[in-house]
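Here the structure is laid out as structure tokens; the discussion comes afterwards.
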């Protein structure tokens, strides 16, 4: 996906990057999470693994489809290295809603991305996600990240 011009990320979910640390403050998390999501998608689409990973809490869990749970920021880094190296990008998100209860927030929405195919070319994938955030000091970090495709499983 690096061979085509990148589209700007649509308003997206939540994932803060190392260069973008939204302050938690005492207000609601919606704006911070939306901004963090835009940054996360930008870093994903440019294959910037370190800034993608910076969004996750050290004890985060990543729950990809058709795979066991991945626990901890370092294990998530190793897992995400593969899709980023295979140019899985052109990722966009649409936030459906963000809810907050104290130092925990969650956002739900949909995603679209282009996935390279073994025979060449790319195929669009789309589905839904749920991201759970926790306030750590003055930042919102991802505590749990789950997504699943709406497409049928291909064999």
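Key figures
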quantity: Criterion violated by residue 104 - all others in (1) under 14 Å from the mean Cα position of the chain (by Cα); (2) surrounded by fewer than 17 Cβ atoms within 10 Å (Cβ to Cβ); (3) modelled with pLDDT of 95 or more satisfied; calculated: (1)
quantity: Residue 129 vs. criteria farther than 15 Å from residue 30 by Cα, surrounded by 19 or more Cβ atoms within 10 Å (Cβ to Cβ) and out of contact with any helix residue (DSSP H, G or I) (no Cβ under 9 Å at 6 or more places or on another chain); calculated: yes
quantity: Residue, nearest to residue 140 (Cα to Cα), within the range 55-65, restricted to residues that are in contact with a helix residue (DSSP H, G or I) (Cβ under 9 Å, 6 or more places away or on another chain) and outside any strand (DSSP E or B); calculated: 55
quantity: Pair list, Cβ < 8 Å and 6+ apart or interchain, from the range 112-139 residues that are under 12 Å from residue 57 (Cβ atoms) to residues that are part of a strand (DSSP E or B) and at pLDDT below 90; calculated: 139/23
quantity: Candidate set: the range 66-95, residues that are touching a strand residue (DSSP E or B) at 6+ places or on another chain (Cβ under 8 Å), modelled with pLDDT under 90 and not in a strand (DSSP E or B); chosen: the one surrounded by the fewest Cβ atoms within 10 Å (Cβ to Cβ); calculated: 86
quantity: The range 43-54, subset surrounded by fewer than 20 Cβ atoms within 10 Å (Cβ to Cβ) and out of contact with any helix residue (DSSP H, G or I) (no Cβ under 7 Å at 6 or more places or on another chain), residue farthest from residue 85 (Cα to Cα); calculated: 50
quantity: Those residues of the range 82-102 which are out of contact with any helix residue (DSSP H, G or I) (no Cβ under 7 Å at 6 or more places or on another chain) and in contact (Cβ under 8 Å) with a residue 60 or more places away in the chain, in sequence order; calculated: 87, 88, 94, 100
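To keep it simple, each residue is scored yes or no on (1) modelled with pLDDT under 95; (2) under 17 Å from the mean Cα position of the chain (by Cα); (3) crowded, with 18+ Cβ neighbours inside 10 Å; (4) within 15 Å of residue 41 (Cβ to Cβ).
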site	(1), (2), (3), (4)
117	yes, no, no, no
139	yes, yes, yes, no
146	no, yes, no, no
154	yes, no, no, no
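The values are calculated or read from the model by the stated rules, or taken from the named source; none is laboratory data. Every value quoted in this text rests on a predicted model; they were computed, and no experiment measured them. No Cβ is skipped: glycine too gets one built from the backbone with ideal geometry, and neighbour counts run over all protein chains shown.
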